[in-house]
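Just below is one structure, and these are the notes that go with it.
The values are calculated or read from the model by the stated rules, or taken from the named source; none is laboratory data. Predicted model only: the values in this text are computed from it and were never measured. Every residue, glycine as well, gets a Cβ built from its backbone with ideal geometry; the counts of neighbours run over all protein chains shown. Only protein heavy atoms, including side chains, enter the accessible area calculation; ligands, DNA and RNA are left aside. Shrake-Rupley method; radii C 1.70, N 1.55, O 1.52, S 1.80 Å.
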Amino acid sequence: MRVLAFESSCDECSAALIENGSVISVRTHTQSVHRDFGGVVPELAGRSHLELIDRLCQQALHDAEAELASIDCVAATSGPGLVGSLLIGLHYGQGIAQGRDLPFRQIHHMEAHLYSAEIESGPMPLPFLVLLVSGGHTLLVLVRGLRDYEILGSTLDDAIGEAYDKVGKLIGLSFPAGAEIDRLAKSGDPQSYSFPVSKRDASLDFSYSGLKTAFRYQIQKMTPQEIENRRSDLLASFQFAALASTKSKIVSAVQRISPRALVAAGGVSANSVLREAMISTALAAGVPCYVPAMRYCADNAAMVGYLAWKLEQERVVDHHEVRARPRWTITDLNKEAARH
Ligand code: KG4
Ligand code: ZN
């Protein structure tokens, strides 16, 4: 079975071709129009998707040496995300499906992230615990099975990727700043500044806005030259506090739930220190750890196509009318599954 898939929920525009669960081709373009604004500008994102999507689709088909006539199913992210961006991928995909009389699957973006590590590793043992960390979300999700999800914890304020991006902006890095902070922090001393490690309580929720504020207060006390000279130390100390809090929640969750595997997903799961923390936590708990290949951490259509294929295999029937769902909680999928 061949699935042609699209992802356009935020600032990555992507098309991919999946054959029987394997990625044959994927083309992803990260929009650069937002760099000067320090964050994603919804209006510009939608317009940019419109300019990109057809070309990316043609390129993905060309890379796979495939014709549209060989496709069995089309899939696109329908939420959550920016409505103007979602609509582009959704309607482009729907157009192809209708024109060729093919089944069309609307995909939940976060559900696609949940299984992104499976693209390379194959099915993961159930139940597994996923830390889903991106620019828009920080969630701990227990996956008992397909469409059987429980949110154990989430952020009370900023998403962790958002904290990386805001701290990066404060220190003059371009957007998005996460990968650059990861790189710069490697040469810094994580103990040189003492930033607060948030949420030292029994809950499995996260919080990052206090840390961001503490970082801002710290650099307000410094001259531009001092900030420049101590940049790596500042960023290493920020990262230490952000990930110490994150890791403590994962450890608590693993102890409480005893999952059969620990899984990372989302753009921030590309972080080198976080990946090590996940692996060491899993090792201590005696369970396998799954982290997506770097190219499947950030938003991409391969994970959308993979999930569509998985849903087809499991004969999951969705009765959604085709529409963009800017807000769509992942646990709504459990209720929808129970109704059918
Ligand atoms: O999943 P994603 O591509 O888009 C969203 O759905 O948000 O995640 C993007 C986020 C950005 O905040 C970016 O700064 C962050 O992932 N990020 C990282 C790293 N690479 C990307 N954060 C920390 N360390 C990294 N290596
Ligand atoms: Zn995402």
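Distance from the C-alpha centroid of the range 111-138 to that of the range 224-292: 15 Å, rounded to the whole angstrom.
Which angle between 0 and 90 degrees, to the nearest 10, do you get for helix 231-257 versus the longest principal axis of the chain when only C-alpha atoms count? Taking Cα atoms only, the helix is inclined about 60 degrees.
If you wrap the tightest convex hull around every Cα atom of the chain and split its volume per residue, you get 126 Å³.
Surface composition of the range 65-104: carbon and sulfur make up 49 percent of the accessible area, probe 1.4 Å.
With every protein chain left in place, what is the accessible area per residue of the chain in square angstrom, probe 1.4 Å?
On the way: 14560 Å² over 340 residues.
It amounts to 43 Å² per residue over the chain.
In order along the range 19-27, phi translates into HN-Hα couplings of 10, 6, x, 9, 7, 8, 7, 8, 10 Hz, rounded to whole numbers, per the Karplus curve 6.51 cos²θ - 1.76 cosθ + 1.60 with θ = phi - 60° and x for Gly and Pro.
Starting with the highest mean, order 110-118, 274-282, 323-331, 235-243 by the number of other Cβ atoms within 10 Å, averaged over the residues of each peptide.
On the way: 110-118: 25.7, 274-282: 18.8, 323-331: 16.3, 235-243: 24.0.
Packing proxy ranking, top to bottom: 110-118, 235-243, 274-282, 323-331.
Looking at this model, which pairs from K166/K310; K247/K310; K249/K310; K169/K199 are more than 27 angstrom apart at the alpha-carbon? Pairs exceeding the cut-off: K166/K310; K247/K310; K249/K310. For the chain, the antiparallel share of DSSP beta bridges with both residues in that region comes to about 60%.
Rounded to the nearest 10 degrees, the angle from helix 301-313 to the longest Cα principal axis of the chain is 50 degrees. Evaluating kT/(6 pi eta Rh) at 10 °C and 1.306 mPa s, with the Kirkwood radius of the range 126-291 over Cα pairs in the Stokes-Einstein relation, gives 99 µm² s⁻¹. Once the Cα atoms are used to define both axes, helix 42-63 deviates from the longest principal axis of the chain by about 60 degrees.
Whenever you get a sec, compute what percent of the accessible area on the range 282-340 sits on carbon and sulfur atoms (1.4 Å probe). Carbon and sulfur atoms account for 49 percent of the accessible area of the range 282-340.
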